[in-house]
């Protein structure tokens, strides 16, 4: 019965289900004409939400509604309240999802409706999964990607600054190393503003928010992000505490278990969040390599062009940079280890591929906004880094966010560790970043902040049997043993052999040469 409503008394279930679920007595369900899995709109005072219906004979009395924590938190109700319950009837976006499943193109209005319903929890989990799956299988063309980006921006909150320019960077991912923690202070030291909202790890050994949290609190609200950025020029915080694109956050949670990264959705997700923090200039890092998300230059080039085109449609100047993702980005894997190494780069203790890449990306931003002329951005970034200005700015950022770690030496290394040695002689030809990440995660990263690994060798190094390749760190003995066992069975180092093949003199019975 579409639109039929009743006032029902609340019965609270003080447990979480991870979903918006309510429970009706079967008599009330019949009055509504509802079955298990249907939806109702719940309202209390000025607050509303949509919940999926479950039905019971005894757990909830007649004229009552059972609510789990997710629903009671949204509505702000307790066991003494009554709420309005209304059957939602057919939801239009379900038809639009089916349309996408058939491979048909969606209009701007249709995508906007789907995003709105995902954000407001009006779609069931199955319906939301169906949409994500349809996008993964059918893809989003350029128009749909633009529509999705605009819909995600409109759905969330937005930051605005009276000063500028506001800049940002984003890496499509798959690499270790916290380039962001080096780029942000370099850029801010040059007088630009960079309110950097970052993610926690999904599949990597650590996300930027995980590593920054070693140095300072990262759970900042919108007011703090704005105030700190205005004061010191930048923040490095976790994007999960602010509703910059709430529908996108829900979509990412669906994508995560199957590691789905639909190209159009990735582009829309990234640019929506950049627009939401007021960014006008964005550098996109697209690492290419066998063990990162983008495997070939053709894919990277296609994505680069889309990033630029979609950015233009939403008022962002984008420069997409295709980078070398064949090697690890620095030697550290794991939240604390990566934070420690990033600080060491800022302190001038290292200038390696991670430092170079950070300066190159900072240089791109400098050239985009006119801090330097074309071709001079990298040198400017190196100057800021090597002069100590970037380190001073990082300390300002840490202090402003309430942190107390200002030196790499303040970050401890776990005493629970295991060295991994080479079992053969050779020249290191390749390092498998994916396997190194797997080892770090088995050791406990990122849940255990001080778990991970540190490389002792890199590509091109000559190695003898017994040489130290890397060290695994953990906080739990069992996890360390698991990581060590995996590392032994799945060597992430590939050695170059001098003998590429052989030719044997044929025997009397064998008249062919084998190579």
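Restricting the first member to segment 19-43 and to residues that are assigned by TED's automatic domain parsing to the domain that holds residue 79 and without any contact (Cβ under 8 Å) to a residue 40 or more places away in the chain, and the second to residues that are part of a helix (DSSP H, G or I) and surrounded by 13 or more Cβ atoms within 10 Å (Cβ to Cβ), the beta-carbon pairs closer than 9 Å and six or more apart or on different chains are 35/29; 36/29. Quick check on my filter: what residues within segment 47-68 are touching a residue at least 12 places away in the same chain (Cβ under 8 Å) and more than 22 Å from residue 117 (Cβ to Cβ)? Residues satisfying the conditions are 55, 56, 57, 59, 60, 61, 62, 63, 64, 66.
Looking only at segment 149-162, decide whether some residue is under 21 Å from residue 391 (Cα atoms) and either touching a strand residue (DSSP E or B) at 6+ places or on another chain (Cβ under 9 Å) or in a helix (DSSP H, G or I) (or both). So far as segment 149-162 goes, no, none of its residues is under 21 Å from residue 391 (Cα atoms) and either touching a strand residue (DSSP E or B) at 6+ places or on another chain (Cβ under 9 Å) or in a helix (DSSP H, G or I) (or both). Report whether or not residue 341 is assigned by TED's automatic domain parsing to the domain that holds residue 284, over 24 Å from residue 214 (Cα atoms), in contact (Cβ under 8 Å) with a residue 12 or more places away in the chain and in a helix (DSSP H, G or I). Against the criterion (assigned by TED's automatic domain parsing to the domain that holds residue 284, over 24 Å from residue 214 (Cα atoms), in contact (Cβ under 8 Å) with a residue 12 or more places away in the chain and in a helix (DSSP H, G or I)), residue 341 does not qualify. Return the total of residues in segment 226-265 being part of a helix (DSSP H, G or I), touching a residue at least 24 places away in the same chain (Cβ under 8 Å) and within 17 Å of residue 185 (Cα to Cα). Count: 6.
Would a scan of segment 223-231 turn up a residue that is in contact with a helix residue (DSSP H, G or I) (Cβ under 8 Å, 6 or more places away or on another chain) and crowded, with 24+ Cβ neighbours inside 10 Å? The answer is no; no qualifying residue exists.
For residue 123, are the conditions met, namely being at pLDDT below 95, buried (at least 19 other Cβ atoms within 10 Å of the Cβ) and either touching a helix residue (DSSP H, G or I) at 6+ places or on another chain (Cβ under 7 Å) or assigned to a helix (DSSP H, G or I) (or both)? Yes, satisfied. Within segment 438-456, not a single residue is more than 30 Å from the chain's Cα centre (by Cα) and surrounded by fewer than 16 Cβ atoms within 10 Å (Cβ to Cβ).
Any residue in segment 389-406 that is farther than 19 Å from residue 217 by Cα and either in a strand (DSSP E or B) or without any contact (Cβ under 8 Å) to a residue 60 or more places away in the chain (or both)? No, segment 389-406 has no match at all.
In segment 1-24, of all residues being in a strand (DSSP E or B) and farther than 15 Å from residue 82 by Cβ, the one that is modelled with the highest pLDDT corresponds to 23. Considering (1) more than 19 Å from residue 351 (Cα to Cα); (2) in the same structural domain as residue 182 (by TED's automatic domain parsing); (3) outside any loop (DSSP other than H, G, I, E, B), the lone condition that residue 379 does not fulfil carries the number (1). Would you check which residues across segment 192-211 are part of a helix (DSSP H, G or I) and in contact with a helix residue (DSSP H, G or I) (Cβ under 7 Å, 6 or more places away or on another chain) and list them? Within segment 192-211, 208, 210, 211 meet the criteria.
Is it the case that some residue within segment 389-403 is over 27 Å from the mean Cα position of the chain (by Cα), on the phi > 0 side of the Ramachandran plot and assigned by TED's automatic domain parsing to the domain that holds residue 223? No, segment 389-403 has no match at all.
Residues checked against (1) modelled with pLDDT under 90; (2) crowded, with 24+ Cβ neighbours inside 10 Å; (3) within 30 Å of residue 431 (Cβ to Cβ); (4) touching a strand residue (DSSP E or B) at 6+ places or on another chain (Cβ under 9 Å):
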residue: 249; (1), (2), (3), (4): yes, no, no, no
residue: 255; (1), (2), (3), (4): yes, no, yes, no
residue: 312; (1), (2), (3), (4): no, no, no, yes
residue: 324; (1), (2), (3), (4): no, no, yes, yes
residue: 332; (1), (2), (3), (4): no, yes, yes, yes
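The values are calculated or read from the model by the stated rules, or taken from the named source; none is laboratory data. Model, not experiment: these values are computed from the prediction. Positions of Cβ are generated from backbone atoms using ideal geometry, with glycine treated the same way; all protein chains shown enter the neighbour counts.
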